[in-house]
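If you scroll down you'll find the structure; I have some questions about it.
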Amino acid sequence: MKRYAVHRTASAPASRTIASVALAITITAFAAKRFGFIDADVFVLSLLFSACVALFALLAAFVAFQRIWSKGGPGVPSALTGLLFGVAALFPPAVVVGMLVTSGGVNDLATNPVDPPELKTQALVEQQPFLSWTTILLKEKAYPFLSGLSEDTALRRFEPDRGTADIVPRRYRIAPGQLHVAGAKALENLNWTIVDELPPDLLDAATRLQAEGETHILGLKFDVALRIRPDTVGALLDVRSRSRTSLRDLSTNAGQIRTVFDEIDRVLLETYGNLARLSVEEGEEEEELPPIALEDQREVIPLPGFKPYFENGETTDPDAEDLPDLEG
């Protein structure tokens, strides 16, 4: 009996091997970035390299399917494995690049954009030349060309204050020193490291706090500053959040500011009870609010509202005749 040679395609095992390498690069890049072994530039370049390798693996898998369909032979399991591994390796870089496109550069958001709280100088763009160049390219070249929009219309998509109408200064009916302690406790509860602090020397003196945190998935670092100043009501709080990279995680700068406000409210609620809080709307002039008179909690003996009356004609008059004369 004559046996015919079975056609074996080399694309199927090649796609499986190449896709496995791409998936390994993606997982290693994510782990290294999460634990701080590589910076943002190396992370993005690693993902781009992994995406290129994954695309090559997908191409090899499609070639394998075409040859198996036309000529027959084994190799379908290997081609399917390469296809699945290639898609798995390509998905995370696609998500990160998509977030990079929509982030629009380094975000810097504050409750008072005219006079934001001070932040220590940090090396942002200087240590990320590739991300800096990519961000500029996306803003000025790629996005207007792909979308067919004008440059001004495209750049408006990169504004960091879209959907942040609630990011405004807030007033609290306590002294600035008490709010400073509550802010420090809130940052500690959030596991953010306080890197700079101006503690209150007086109860009503202006104070500030600066903390450093990182996102939960990629470990991207960001800076948060709290500025507390005396106000007619009690204390005025301004918060500023700034990302150190143009990459975006699940949390944003607006989300960090909301987290600070929520945690401070929780600390104040546990410490002082329900405190009324007033928000200062953005662009609205601050009105002079009258100070709130606090009730004195000390026990005070009430004064009599009538003249004492004594029976049998008794009186407390010091000139009465029945009292002895102490002088003579």
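On the protein heavy atoms, probe 1.4 angstrom, tell me the percent of accessible surface of segment 181-222 carried by carbon and sulfur.
Carbon-and-sulfur percentage of accessible area, whole number: 56.
Could you work out how far apart the two model spin labels at residue 229 and residue 271 are, taking each label as a point 7 Å from the Cα in the direction of the beta carbon, and quote it in nm?
With each label point 7 Å from Cα toward Cβ, the separation is 2.2 nm.
Using a Förster distance of 30 Å, how high is the FRET efficiency between residue 191 and residue 55, based on the Cβ-Cβ distance and rounded to 0.05?
Approximately 0.15, to the nearest 0.05.
Something else now. Just add up the charged neighbours of residue 196: K/R +1, D/E -1, any other residue whose Cβ is under 14 Å from the Cβ of residue 196.
Here the charged neighbours net out to +1.
Working out 0.36 nm times the residue gap between residue 37 and residue 206, then minus their Cα-Cα distance, what length gain in nm do you get to one decimal?
Using 0.36 nm per residue and subtracting the Cα-Cα distance, I get 57.0 nm.
Here is a follow-up. Quick one: length gained pulling residue 17 to residue 91 fully straight, 0.36 nm per residue minus the C-alpha distance?
Result for the pair: 24.9 nm of gain on full extension.
Sticking with this structure for a sec: Tally Lys and Arg at +1 and Asp and Glu at -1 over the other residues with C-beta under 14 Å from the C-beta of residue 77: what net charge comes out?
Net of charged neighbours comes to +2.
Excluding residue 219 itself, what net charge comes from residues whose Cβ is under 9 Å from its Cβ, given Lys and Arg +1 and Asp and Glu -1?
Taking every Cβ under 9 Å from that of residue 219, the sum is +1.
When the distances between all Cα atoms of segment 1-89 are binned every 5 Å from zero, what whole-number percent does each bin get?
Bins of 5 Å from zero give 3, 17, 21, 16, 13, 10, 8, 5, 4, 2, 1, 1, 0 percent of pairs.
Further, regarding this structure: Taking Cα centroids, how far is segment 164-179 from segment 1-77 in Å?
The distance from the Cα centre of segment 164-179 to that of segment 1-77 comes to 54 Å.
Show me the ranking of peptides 51-62, 185-196 by mean Cβ neighbours inside 10 Å, starting with the highest.
The densest-packed peptide leads the list: 51-62, 185-196.
The values are calculated or read from the model by the stated rules, or taken from the named source; none is laboratory data. Note that the structure is a prediction, hence the values are computed from the model and not measured. Reconstructed Cβ throughout: ideal geometry from the backbone, glycine too, with neighbour counts over all protein chains shown. When the accessible area is computed, the model is the full protein with side chains, heavy atoms only, and any ligands, DNA or RNA have been set aside. Shrake-Rupley method; radii C 1.70, N 1.55, O 1.52, S 1.80 Å.
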